[in-house]
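*Asks:* Please find one structure pasted underneath; my questions will follow.
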Amino acid sequence: MNLIGWFRDSLIGRLSLLYGLGTMGVLGLLGLTMVLVISSQIAQRDALELSRKSDSMTAILAGVDSTTRLDQDLHLLRDLAVGHHNLEIGVMAGDDWLIRPDPQIRRVVESGLRGAAADKPGVQEPVIHLDEAGRHWLIGLADRTLTDAPDQPVRAVAALDVTESRSLVDRLTATLAAVGLAAAALIGLLTWWVAGGARATLARIAASAEQVTADALTPLSAEDAPIEIRGLVTSINRMLDRLHQSFASLEHFSADIAHELRTPVNAMMTRTQVILSRDRGAEEYREGLHASLEELDRLQRMITDMLFIARAERGLDKARVVTIDLGGMAREVADYFEEVATENGQRITITGELRADGDPLMLRRALVNLMSNATRYGCAGADITVSLGRQGPLARLSVANDCDEVFTQAQIEHLFDRFVRHGPKADQHAGLGLGLSMVASIMRLHGGHARGIVQAGGIRFELCWPAVTVVPGFPVVPATIGEAAAR
């Protein structure tokens, strides 16, 4: 991978580059500001020093009105440079130099500034000039016309060597640039080092994740992980917990199916082996086939119910929601079980009215399962009560019956598991132990819940779900159940 590709694809590379460029930009801005300020201060200092000498030179020339007086005051002009090693003073009358400055200054004045001085008599503004030796001069001029020699104007020159000041600014600029680049490189390396530590943590977490299998859903450790990564690790661990629960549910589901399917299959195999062990009459074969058909019917119902529960638990089935008259549905189901209840001396009573949203086929199936359990396992002469109503925003449907068997609350809650039956009457009926599991699945599809409650002399099964859906055709979000219960 080339360097550009590494910076583009690597988070550490991008962080290092961005921090380095950011540091270089900030330090560059600070350095530029510092250079401009210092350069301005040095230029002002040099200009002030030259201005003072130029003012003195102008004051001396102001008192000169003749060549004689000029000869007398030349020493005053020459003394201006005493004690200033970087200052050059020159005086020129016509084409002759009365006080000779540095040769470079003479050439500058003779070549470049003669015309300018003639066009602009008086004191000239200082100018910067770079001579052949690479020195920078700040040059100031002053002109004076003598009364006795008007054709030979006097020009005084004050030149300040600012090479050292310019060199200082250049060195400062180079130093700040080097420091900025070094700081940017150092920040980039530190960023790479710090991010590299986080990368090592991610590599360790990734190595741990590689060891996760369906048989070993070990949570990932986030002890030494940065705070920004701990949330991700926590989310992954929660996902692993959900996967563990799903795998455990799938294992239990498979074990339950295998156990329950094995019983009818073994029964049919045994019965078939017995029938085939010797020659039998047509009637015996017919009875054997009828018995096998009953077992096959039981297998078919079991497979259908288990498929429904499996699809419901995986969220593959969606409730087709319409507004239902639960009172009318309850009366229809009660009429269906009326004959069985009458044989057992039981009485079915329906109280309340209820209109609520839900899937009519699923809710009817749930009510049929509850009524079937009530007539099967209720005691002789029991009162079976179907109650309908609302509990806040929830629709509530309950089926209660008298029972001569004693159940604990834990046993009642356990009845909603698959293939679970309690009590001596359980072996007297051909139930599969899936009815209440299906009821619980139907309630989950509706965003509700099912529960069993032990009451005096009997048991009550209660269904609760949101009475009105937010979007028709879709199950209600289950969180509304908790909110309603909190009210």
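The values are calculated or read from the model by the stated rules, or taken from the named source; none is laboratory data. Everything quoted here is computed from the prediction, not taken from an experiment. Because the Cβ atoms are built from the backbone with ideal geometry, glycine has one as well, and the counts that use them run over all protein chains shown. Only protein heavy atoms, including side chains, enter the accessible area calculation; ligands, DNA and RNA are left aside. Shrake-Rupley method; radii C 1.70, N 1.55, O 1.52, S 1.80 Å.
*Asks:* Leaving ligands, DNA and RNA out of it, work out the accessible area of residue 290 with a 1.4 Å probe and give it in Å² to the nearest 10.
*Replies:* Counting only protein heavy atoms, residue 290 exposes about 110 Å² to solvent.
*Asks:* Provide the packing ranking of 152-161, 14-23, 338-347, i.e. peptides ordered by the mean count of other C-beta atoms within 10 Å per residue, highest first. Before the final figure, lay out each step's value.
*Replies:* Numbers: 152-161: 22.6, 14-23: 17.3, 338-347: 13.9.
For the peptides 152-161, 14-23, 338-347, the packing ranking is 152-161, 14-23, 338-347.
*Asks:* Let me ask something else about it. So between residue 245 and residue 145, what do we pick up on full extension, going 0.36 nm a residue minus the alpha carbon distance? Please list the in-between numbers first.
*Replies:* Working: separation 100, 0.36 × 100 = 36.00 nm, distance 10.87 nm.
That works out to 25.1 nm of additional length.
*Asks:* Can you give me the long-range amide H partners of residue 391? Hydrogens built in the peptide plane at 1.01 Å from N, cutoff under 5 Å, separation of 5 or more residues or another chain.
*Replies:* Here 396 satisfy the definition.
*Asks:* While we're on this one: For residue 107 and residue 21, what is the calculated FRET efficiency with R₀ set at 45 Å and r taken between the beta-carbons, to the nearest 0.05? Please report the intermediate quantities before stating the final value.
*Replies:* Numbers: r = 48 Å, r/R0 = 1.06.
Taking R0 as 45 Å, the efficiency between residue 107 and residue 21 is 0.40.
*Asks:* Let me ask you something else. Multiply the residue gap between residue 82 and residue 343 by 0.36 nm, knock off their C-alpha separation, and tell me the result in nm, one decimal place. Display every interim value, and only then the final one.
*Replies:* On the way: separation 261, 0.36 × 261 = 93.96 nm, distance 13.84 nm.
Once the chain is fully extended between residue 82 and residue 343, it gains 80.1 nm.
*Asks:* Cα centroids of segment 342-404 and segment 71-99: how far apart, whole angstrom?
*Replies:* 125
*Asks:* Residue 72 versus residue 163, label points 7 Å from Cα toward the beta carbon: distance in nm?
*Replies:* Spacing of the two 7 Å Cα→Cβ label points: 3.9 nm.
*Asks:* Further question: Want the number for residue 202 to residue 33: 0.36 nm per residue separation, take away the alpha-carbon distance, what's left? Each step should come with its number before you reach the end.
*Replies:* Working: separation 169, 0.36 × 169 = 60.84 nm, distance 4.19 nm.
Result for the pair: 56.6 nm of gain on full extension.
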